[in-house]
Amino acid sequence: MSKAIKISDDIAEEARLTARVARRSMAGQVEYWAFIGKVAEDNPDLSFSVIKDILLGREQLKEGLGTPYIFGEGD
């Protein structure tokens, strides 16, 4: 179920512009920022690029695109 929220005009405008570049809806962009912000708060030692790579890796695994890492090989 969706909920209406109020955000500042500045954030709304930034979300609108960023959403166009990312090919998302404005609401989708704000949801993306909220999701990334929550992940970042839960994992303060991780950079944005590491968070993005982890999330991409998780989606790749869900799609069956992952390969297992075997510790000790290739050393």
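Readers should treat all values here as calculations from the given coordinates under stated rules, not as data from a laboratory. Note that this is a predicted model, so its numbers are computed, not measured. Glycine gets a Cβ as well: all are built from the backbone with ideal geometry, and neighbour counts include every protein chain shown.
Quick notes
- Low-density loop cleavage sites - trypsin sites (Lys or Arg not before Pro) in the chain, where at most 10 other Cβ are within 10 Å (DSSP): LYS3, LYS6, ARG23
- Over the chain, DSSP H runs of length four or greater, each weighted -39,500 (n - 2.57), average out per residue to a 222 nm ellipticity of -20000 deg cm²/dmol.
- Computed P(r) (all Cα pairs; the chain; 5 Å bins; percent): 3, 12, 15, 17, 19, 15, 7, 4, 4, 2, 1
- Looking at the chain, the GluC sites (Glu not before Pro) that sit in a DSSP loop and have at most 16 other Cβ atoms within 10 Å of their own Cβ are GLU63, GLU73.
- Residue separation of GLU63 and ILE36 scaled by 0.36 nm, minus their Cα-Cα distance, works out to 7.6 nm of gained length.
- Within the chain, the longest run free of chymotrypsin sites (Phe, Trp or Tyr not before Pro) that sit in a DSSP loop with at most 11 other Cβ atoms within 10 Å is 1-68.
- Fully extending the segment from PHE71 to PHE48 would add 5.7 nm, taking 0.36 nm per residue of separation and subtracting the current Cα-Cα distance.
- Couplings for region 58-65, taken from phi via the Karplus curve 6.51 cos²θ - 1.76 cosθ + 1.60 with θ = phi - 60°, read 4, 5, 4, 4, 4, 8, x, 9 Hz in order; Gly and Pro are left as x.
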